[in-house]
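Accompanying notes for the structure given below.
The values are calculated or read from the model by the stated rules, or taken from the named source; none is laboratory data. Since we're looking at a predicted model, the values are computed, not measured. Note that we place each Cβ from the backbone using ideal geometry, even for glycine, and neighbour counts take in every protein chain shown.
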């Protein structure tokens, strides 16, 4: 038998090349298609992100209206408000984590299948990065708008346009950036590491994983 | 020996699983040479190590010892990108559970390997339709896996396995989730592809219907090759094998 053992000099990889790296545009295209064909599932995941950020933005927007520092009740309400904002951040963190982890782990088998068909690890991760990033940005944006609009409407109903000065508008823009930033980062933290872990597994381990 | 006589060769394959205190040698020194164009069945009861052997040959799992040569290339020498190339171009996989991507249509599933191979979209779609016609599902190209029967899903999986003209088709219990008649149709299809396209078919199975069409049958027991039978011998024994159960 040993006489038949094929030699293995460095040129013995005859016929085997390096798998091509697909361009980013291809990953973008597949990710978009992924969101589209999983539309209902994507919406549910996105609403998890949206609700978390909406709660956060609602509480933060309430804090943007100037308060009368001589009014003791208003000051203590404002203190409660900052605790509420921290709570809101926690709630939205857990909510988004839950939604994204679920949506990634239920696709471990798909990751294993794609690897069997010749997908490179980093391509699989790229798909999930783009998908999670897009959902994170769009859902956080929608969430911020939802929370902000509801708070502003409530304010208009009770106090009219009082306090809606230029400082309020500037602060709103800052809050928008903060909310979208936080929402997107949490989404990516929840989605990319597990996708990366699944992509690095031997395909059979990813295929076998049950949830 | 002609360099390309053997499409797959394994040398002293060992795979060890440790479960708590217990050490299980799922593969215990397997040497197997598979000829180009052969239809080979790996038979054995569940837990015999046949799936482990299948996964090692397919590069889906790494053996603890020993080597797998595909077209005389040692798989252990390949880096991740070369391994991906091998999975994309050289081997087509078929699974017991079909493993189609549920949200994609039949055509999209079949086309996916051509995407990874970098084939232009139009060409890939054309290739996909050609393959779906080949497995008799051209008219159902826009259906999702959930809208197809088990047999039809397995046909889609076979079409997908052929997408990049592989030299090997690896089928793990391809009839395991199918009824008798559908299973036979799948076996006939695999045999036909093996004859017409010259693709080597390696199938892990405990389905006796497979024995009828195989050129050789490899019997695995306790992680070792118990015996290898050539087709000529199988024909003689087939009468006595019916009804025998593992």
### Task
Could you please give the count of residues in the range B:100-109 that are more than 9 Å from every other protein chain (Cβ to nearest Cβ) and surrounded by fewer than 20 Cβ atoms within 10 Å (Cβ to Cβ)?
0
### Message
If I ask for residues that are free of Cβ contacts under 8 Å to residues at least 60 places away in the same chain, within 8 Å of chain A (Cβ to nearest Cβ) and in a loop (DSSP other than H, G, I, E, B), which ones from the range B:60-78 would you list?
### Response
B:60, B:61, B:62, B:78
### Query
If you scan the range A:161-193, which residues turn out to be more than 20 Å from residue A:140 (Cβ to Cβ), surrounded by 15 or more Cβ atoms within 10 Å (Cβ to Cβ) and modelled with pLDDT of 85 or more?
A:168
### Message
Please go through the range A:87-146 and give me each residue that is surrounded by 19 or more Cβ atoms within 10 Å (Cβ to Cβ), more than 10 Å from chain B (Cβ to nearest Cβ) and free of Cβ contacts under 8 Å to residues at least 40 places away in the same chain, ordered by number.
### Response
A:88
#### Entry: Of all residues in the range B:90-99 being assigned to a loop (DSSP other than H, G, I, E, B) and more than 8 Å from chain A (Cβ to nearest Cβ), the one that is surrounded by the fewest Cβ atoms within 10 Å (Cβ to Cβ)
B:97
### Residues satisfying the stated conditions in the range B:163-186, i.e. under 28 Å from residue A:20 (Cβ atoms), buried (at least 16 other Cβ atoms within 10 Å of the Cβ) and away from chain A (no Cβ under 12 Å)
B:168, B:169, B:171
### Query
Of all residues in the range B:13-52, how many are within 14 Å of another protein chain (Cβ to nearest Cβ) and more than 27 Å from residue B:208 (Cα to Cα)?
1
### Unique match (being touching a residue at least 60 places away in the same chain (Cβ under 8 Å) and surrounded by fewer than 16 Cβ atoms within 10 Å (Cβ to Cβ)) among B:198, B:136
B:198
### Message
Kindly evaluate residue B:37 against the criterion of being in a loop (DSSP other than H, G, I, E, B) and either in contact with a helix residue (DSSP H, G or I) (Cβ under 9 Å, 6 or more places away or on another chain) or under 19 Å from residue B:167 (Cβ atoms) (or both).
### Response
yes
